[in-house]
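Scroll down for the structure; my scribbles are underneath it.
The values are calculated or read from the model by the stated rules, or taken from the named source; none is laboratory data. Remember, predicted model here, so these are calculated numbers, not experimental data. For neighbour counting, all protein chains shown are included, and Cβ atoms are generated from backbone atoms with ideal geometry for every residue, glycine included. Please note that ligands, DNA and RNA were not included when accessible areas were found on the heavy atoms of the full protein model with its side chains. Shrake-Rupley method; radii C 1.70, N 1.55, O 1.52, S 1.80 Å.
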Amino acid sequence: MVRVDETEAIITRALELGVNFIDTANTYAHGTNEEYIGEALRRLAVPRGRRPRLEGLLQRGTSVEGAIEREIEGTLTRLGVDYLNLYIIHRFDYSTPMAETMEALDRLVRDGRARALGASAMYGYQLHNLQRVADENGWTRLSSLQNHYNLLYREDERELIPVVRQYGMSLTPYSPLA
């Protein structure tokens, strides 16, 4: 498998350089990225404790019985692992009640399928409201935010980054066109 061989070479070099985090998503190359990464980690026989942390990114809605359950299982299977270090929902879902989303995410942590939860691409008030819903119900809070942020696009400094700080979250900036 040429692609797994290439992935294995990249992961080998990444480990040599001290990379400790791999960003995967169920939509990158239709999930084949997860298959290649999982197979490469197995072929390299990297013990779970020495592997880079694995992040899964959900991009197909956040309904409880739908996407979250289906996609986490698909991601875990493709990666060949039983949990993710970080599971991120991508974009705020206006059509699903926040309580439904946060309860489903909390279940992933309680079941041991995710160690931590995160979000991506949303406004500060949406992030605050999701955290409030989690707190009101005793559910796991989001611990990280991945948002568009760079030296030229700094709008998040006004309201979003203060919310991230308020909740003691980590921020992973991305800049798709930088």
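Note that the chain presents 52 Å² accessible area per residue, ligands and nucleic acids not counted, probe 1.4 Å.
Here the chain has 52 percent of its accessible surface on carbon and sulfur atoms, given a 1.4 Å probe and all protein chains in place. Once the chain from Ser143 to Arg3 is taken as fully extended at 0.36 nm per residue, the excess over their C-alpha distance is 47.1 nm.
Just check the range 74-178 against the gyration tensor rule for me: Cα atoms, a ≥ b ≥ c as the square roots of the eigenvalues, rounded for a/c under 1.5, and otherwise prolate or oblate depending on whether a/b exceeds b/c. In terms of gyration-tensor shape, oblate. Taking the range 140-168 and a reference point 7 angstrom along Cα→Cβ of Asn129, the backbone N atoms nearer than 17 Å belong to 142, 159-160, 163-164.
Potential lengthening of the chain between Glu100 and Thr32 amounts to 21.6 nm, from the contour at 0.36 nm per residue minus the alpha-carbon distance. A P(r) calculated from all alpha carbon pairs of the chain, with 10 Å bins opening at zero, reads 9, 36, 35, 17, 2 percent.
Extension gain, Arg165 to Arg13: 0.36 nm times the residue separation minus the Cα-Cα distance gives 51.4 nm.
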